[in-house]
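No value in this document is a laboratory result; all are computed from the given coordinates. Treat the numbers as computed from the prediction; the structure is a model and nothing was measured. Here the Cβ positions follow ideal geometry from the backbone for every residue, glycine too, while neighbour counts run over all protein chains shown.
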Ligand SMILES: [Zn+2]
């Protein structure tokens, strides 16, 4: 919440409780500064709700600590239910960028912009529906016939084409753009190029 929002909040509070906002102008300025410093992390809408909650339960004039205490409780609760549902879109080798992306994801959860991810629930569902079928002899024989061992590619099939993102030649692994480290996976555009090449080969 910024200073303007604090002024707006205090104006709203003064409508329901004339004991909170200072009458003297110099005191008002000091009060706005104090509230703005205390509530810097608290979104305006949340503060408004917290004020309403306070007056539903208490006859005392609302203070910044009443709002921040409720904010901490809610933020902690939201984070306890949150686990990163997926890695951020940032390159994991770009440590600063990765941390920033992680932090943005978490702060979106804390402020309520994003719901907490229910990773455990999702995984539990996957575990029940996807069960690897046991490989029988007929399956193994058919697979061996389709992919003779010597011809089987050493990595993902898109390694067969050049990567347009990092410039890795066919047969070479992708490298991260920031630090040039070998990646275990490949860039999405390389998968796309491989897919397109296959489609063209199939229609030719
Ligand atoms: Zn690449």
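What the table below lists for this structure:
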| read-out | value |
| --- | --- |
| Extension gain from residue 100 to residue 195, taking 0.36 nm per residue of separation minus the Cα-Cα distance | 30.9 nm |
| 20 °C / 1.002 mPa s Stokes-Einstein diffusion coefficient of segment 151-203, Kirkwood radius on C-alpha pairs, µm²/s | 190 µm²/s |
| Difference of contour (0.36 nm per residue) and Cα-Cα distance, residue 73 to residue 45 | 8.5 nm |
| Ascending count of other beta-carbon atoms within 10 Å, so fewest first, for 186, 176 | 176, 186 |
| Calculated over segment 19-71: convex hull of Cα atoms, volume per residue (Å³) | 72 Å³ |
